[in-house]
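S.K.: Quick one: structure below, then a few questions.
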Amino acid sequence: MAQQALPVRGARLGKPLGAAGAGRAVCGVALLLPEGCPSGTRRPSPLSTLSTRPLAARLARAGRRDGLVAHVVHYRCRGWNGAAAHPAADAAWALEEVVRRYGDVPVCLAGTGMGARAALHAAGHPAVHSVLALAPWIPDLGPEESDSVPVKQLAGRQVLLVHGTNDERTDPELSYRYAERAKKINRDVCRFEVHSDGHSLHQHRSEVLSLAADFMLGSLFAHGYSRPVADALAAPPPLGLRMPLASGFGESLKH
């Protein structure tokens, strides 16, 4: 069946949070890529954008002193839509828009679910320094179709995947297998498991947000990573790809 034509409506960046809103120079950008669904060319639900704002606000607050600005990307449509990969294309547009607005600044792509897949997919852009993938949607395509979920674009990037072990929407084992593939071409890949948590990571929301902030500050602004993140990046598989996120993570961190 032919792909339904998209409405004439472009992607856009949400209002800036952080340094730009405070009148400070922008020295780094976090681009937030919301949830979505496998298919659909209708307008995205506002709930997907709203659910991303807590992470955007947390990253903006953590990076304010370093000149970070955070933007939530508003997609053209709600679905991935097969080979069209619309959210990944929107992420690529957003990266070009960041370069146009702010110049040569490092970018962290941060996404959830389908947005995490879009972040991983778009990571080859020269502005991208790091990728944060929360509960990433990685389809089980099999080895013969592995290029449909590529990893080569992650070379030279800092990459963190986080997945709840009880996620019933996106398979945590598939994200582990993806991380395993990525680790073979890029040693700066790690993955944390949030035991007993589901897709939304609500049970350990505070720890997940602290982990995200720690990773973003370390990857964009060369802050020292917390010990668990540094250990996960240094450890070989499977240890560094099945690192448990400890209860209370972040309580002793200043950010």
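The values are calculated or read from the model by the stated rules, or taken from the named source; none is laboratory data. Here the structure is a predicted model, which means the values were calculated and not measured. Glycine gets a Cβ as well: all are built from the backbone with ideal geometry, and neighbour counts include every protein chain shown. Please note that ligands, DNA and RNA were not included when accessible areas were found on the heavy atoms of the full protein model with its side chains. Shrake-Rupley method; radii C 1.70, N 1.55, O 1.52, S 1.80 Å.
S.K.: Against the condition at pLDDT below 95, within 29 Å of S48 (Cα to Cα) and of a type outside the set (A, V, I, L, M, F, W, C), how does S196 come out, does it pass?
M.R.: When the stated conditions are applied, S196 passes them.
S.K.: Enumerate the pairs (first residue in segment 71-96 and within 11 Å of A119 (Cα to Cα); second residue anywhere and among the aromatic types (F, W, Y) and buried (at least 17 other Cβ atoms within 10 Å of the Cβ)) with beta-carbon separation below 7 Å, excluding pairs fewer than 6 apart on the same chain, so at least 6 apart or on different chains.
M.R.: So the pair list comes out as P87/Y75; P87/W80; D90/Y75.
S.K.: Please give the number of the condition S148 fails out of (1) in contact with a Pro (Cβ under 8 Å, 6 or more places away or on another chain); (2) open to solvent by 50 Å² or more (accessible area, probe 1.4 Å); (3) modelled with pLDDT of 95 or more.
M.R.: The one condition S148 does not meet is (3).
S.K.: Here's another thing I want to ask about it. Provide a single number: the residues in segment 167-192 that are closer than 17 Å to P139 by Cα and either out of contact with any Lys or Arg (no Cβ under 8 Å at 6 or more places or on another chain) or of a type outside the set (A, V, I, L, M, F, W, C) (or both).
M.R.: 15
S.K.: I would also like to ask the following. Would you mention how many residues in segment 99-139 are part of a helix (DSSP H, G or I), buried (at least 23 other Cβ atoms within 10 Å of the Cβ) and of a type in the set (A, V, I, L, M)?
M.R.: 5
S.K.: Scan segment 54-84 residue by residue and report those that are under 18 Å from A110 (Cβ atoms) and either surrounded by fewer than 20 Cβ atoms within 10 Å (Cβ to Cβ) or among the basic types (K, R) (or both).
M.R.: Going residue by residue through segment 54-84, those that are under 18 Å from A110 (Cβ atoms) are 54-64, 66-75, 80.
If the condition is that a residue be under 18 Å from A110 (Cβ atoms) and either surrounded by fewer than 20 Cβ atoms within 10 Å (Cβ to Cβ) or among the basic types (K, R) (or both), then P54, A57, R58, R61, R64, D66, H74 are the ones that fit.
S.K.: Here's something else I'd like to know. In the list A25, A92, which residue meets the criterion of being open to solvent by 10 Å² or more (accessible area, probe 1.4 Å) and modelled with pLDDT of 95 or more? Talk me through it step by step, then tell me what you get.
M.R.: Details: A25 fails: modelled with pLDDT of 95 or more.
The unique qualifying residue is A92.
S.K.: For residues in segment 173-218 being of a type in the set (A, V, I, L, M, F, W, C) and assigned to a strand (DSSP E or B), which is surrounded by the fewest Cβ atoms within 10 Å (Cβ to Cβ)?
M.R.: Only one residue fits best here, namely F192.
S.K.: Please go through segment 154-166 and pick out each residue that is more than 11 Å from P136 (Cβ to Cβ) and either of a type in the set (S, T, Y) or in contact with a Phe, Trp or Tyr (Cβ under 9 Å, 6 or more places away or on another chain) (or both).
M.R.: Once the filter is applied, which keeps residues that are more than 11 Å from P136 (Cβ to Cβ) and either of a type in the set (S, T, Y) or in contact with a Phe, Trp or Tyr (Cβ under 9 Å, 6 or more places away or on another chain) (or both), segment 154-166 yields Q158, T165.
S.K.: Shifting gears a bit: Among all residue pairs at least 6 apart or on different chains, which show Cβ distances below 6 Å where the first residue, located in segment 34-62, is over 12 Å from V73 (Cα atoms) and at pLDDT 90 or above and the second is of a type in the set (A, V, I, L, M) and open to solvent by 40 Å² or more (accessible area, probe 1.4 Å)?
M.R.: Cβ pairs passing all conditions: T41/L6.
S.K.: Moving to a separate point now. Aromatic (F, W, Y), over 19 Å from A85 (Cβ atoms) and touching a residue at least 12 places away in the same chain (Cβ under 8 Å): which single residue out of Y225, Y176 fits that description?
M.R.: Selected residue: Y176, the only one of Y225, Y176 that is aromatic (F, W, Y), over 19 Å from A85 (Cβ atoms) and touching a residue at least 12 places away in the same chain (Cβ under 8 Å).
S.K.: Would you pick out the residues in segment 219-232 that are outside any loop (DSSP other than H, G, I, E, B) and either touching a Ser or Thr at 6+ places or on another chain (Cβ under 8 Å) or open to solvent by 20 Å² or more (accessible area, probe 1.4 Å) (or both)?
M.R.: S219, L220, F221, R227, P228, A230, D231, listed by residue number.
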